[in-house]
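> The structure is given below, and queries will be raised subsequently.
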Amino acid sequence: MVSVSWQLCRWYLLAGIIIVIDQLTKYWITDVFAYGETLEILPVLNLTLVHNMGAAFSFLSDAGGWQRWFFAIISLMVSAVLVVWLSRLKGQQNLLAVALVLVLGGALGNLWDRVLLGYVVDFVDVHYQQYHWPAFNVADAAITLGAVLLILESLLASKQNKMD
């Protein structure tokens with residue numbers, strides 16, 4: 001029988017919270033906005049409901065539909081790797097754990113959309129004048145922050161190894 005530590009449960013709970021926040025914000029924007037509707041929040045920030053059929057930056061969004069299941073399978077595989085990786089961490093590897101949990105929660109949040117809807121709901125539109133960054137959501141932000149923390153953790157671990 002597998003024994004799951006409280007620390008591991010805590011990380012899974014954090015991933016679950018990320019998924020819930022992601023899904024609640026997507027539900028809200030879908031309920032309140034019509035597709036393509038925009039609300040200016042700041043001169044450089046809009047809320048705009050869009051659907052992303054592809055991956056990051058709408059990669060393969062016009063590929064004809066097969067990409068839905070392709071990206072779903074990739075998300076499942078990455079999530080499985082992250083779950084195993086998390087389970088093997090030592091107690092003091094908190095930065096790495098947070099990074100992995102952010103990526104896991106974001107991947108599962110977008111997987112939920114992809115499987116149930118066939119697309120990912122995006123709504124955060126950052127722009128400067130007419131130049132727009134691709135729209136994103138809470139899951140995308142979590143994945144990005146997790147990736148940044150993974151890089152930071154790697155650099156810190158490398159520096160620590162050189163000092164040992």
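> Answer yes or no: is there a residue in region 98-111 that is out of contact with any Asp or Glu (no Cβ under 8 Å at 6 or more places or on another chain) and either within 18 Å of MET53 (Cβ to Cβ) or of a type in the set (Lys, Arg) (or both). Talk me through it step by step, then tell me what you get.
Pass one, region 98-111, residues out of contact with any Asp or Glu (no Cβ under 8 Å at 6 or more places or on another chain): 98, 100-104, 107-108, 111.
This time we only want the ones that are either within 18 Å of MET53 (Cβ to Cβ) or of a type in the set (Lys, Arg) (or both), so: 107, 111.
Looking through region 98-111, at least one residue is out of contact with any Asp or Glu (no Cβ under 8 Å at 6 or more places or on another chain) and either within 18 Å of MET53 (Cβ to Cβ) or of a type in the set (Lys, Arg) (or both).
> Out of everything in region 1-10 that is assigned to a helix (DSSP H, G or I) and within 14 Å of ARG88 (Cβ to Cβ), what residue ends up being modelled with the lowest pLDDT?
GLN7
> Now for a separate question. Mind listing whichever residues of region 114-148 are surrounded by 15 or more Cβ atoms within 10 Å (Cβ to Cβ), of a type in the set (Gly, Ala, Ser) and at pLDDT below 95?
Across region 114-148, the qualifying residue is only ALA135.
> Kindly establish whether GLN129 is under 30 Å from GLU37 (Cβ atoms), among the polar types (S, T, N, Q) and either touching a Ser or Thr at 6+ places or on another chain (Cβ under 7 Å) or free of Cβ contacts under 8 Å to residues at least 12 places away in the same chain (or both).
yes
> Answer yes if at least one residue in region 75-82 is free of Cβ contacts under 8 Å to residues at least 24 places away in the same chain, of a type in the set (Gly, Ala, Ser) and either over 26 Å from ARG10 (Cβ atoms) or part of a helix (DSSP H, G or I) (or both), and no otherwise.
There is at least one residue in region 75-82 that is free of Cβ contacts under 8 Å to residues at least 24 places away in the same chain, of a type in the set (Gly, Ala, Ser) and either over 26 Å from ARG10 (Cβ atoms) or part of a helix (DSSP H, G or I) (or both).
> For region 52-96, which residues satisfy the criterion of being at pLDDT below 85 and hydroxyl-bearing (Ser, Thr, Tyr)?
Correct list: SER58, SER61.
> For region 102-153, give me each residue that is under 21 Å from LEU13 (Cα atoms) and in a loop (DSSP other than H, G, I, E, B).
Scanning region 102-153 gives a single hit, ASN137.
> Right, next: How many residues does region 11-35 hold that are more than 30 Å from LEU86 (Cα to Cα) and at pLDDT below 95?
Residues flagged as more than 30 Å from LEU86 (Cα to Cα) and at pLDDT below 95 within region 11-35 amount to 0.
The values are calculated or read from the model by the stated rules, or taken from the named source; none is laboratory data. This is a predicted model, so every value here is computed, not measured. In this analysis, Cβ positions are derived from the backbone assuming ideal geometry, glycine residues included, and neighbour counts consider all displayed protein chains.
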